[in-house]
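These notes are about the structure you will find just below.
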Amino acid sequence: MSRMIDEDSSKFDVVNVFKWFFMNSDANYVTNNPRGIPEGEIGIMDFKGFTWWHLMKVVTNLSTVRTSLRYVQVRVF
């Protein structure tokens, strides 16, 4: 479960969000199930405070998003 701590869009950094997500996921994979995702795990994200300006920062970093999603496809499935 995760949520934004600071809702200020000027401080929102998409690259750091993806770094945090993958570091957290990798630590979870190593400590729980050697096969990958622990059985029955469901990720929950709270988007309260996520605004149009946050989305615009994601859109301007589409290469980062594309690379991250490609990694998820290869790593998880």
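Just so you know, all these numbers are worked out from the coordinates, no wet-lab data involved. Values in this document were obtained by computation on a predicted structure and should not be read as measured data. Cβ: placed from backbone, ideal geometry, glycine included. Neighbour counts: every protein chain shown.
In the range 40-75, the qualifying residues are those that are small (Gly, Ala, Ser) and closer than 18 Å to ASP26 by Cα, and the one that is surrounded by the fewest Cβ atoms within 10 Å (Cβ to Cβ) is GLY40. Taking the range 6-21 as the range and being surrounded by 14 or more Cβ atoms within 10 Å (Cβ to Cβ) and more than 16 Å from LYS48 (Cα to Cα) as the test, the residues that pass are VAL14, PHE18, PHE21.
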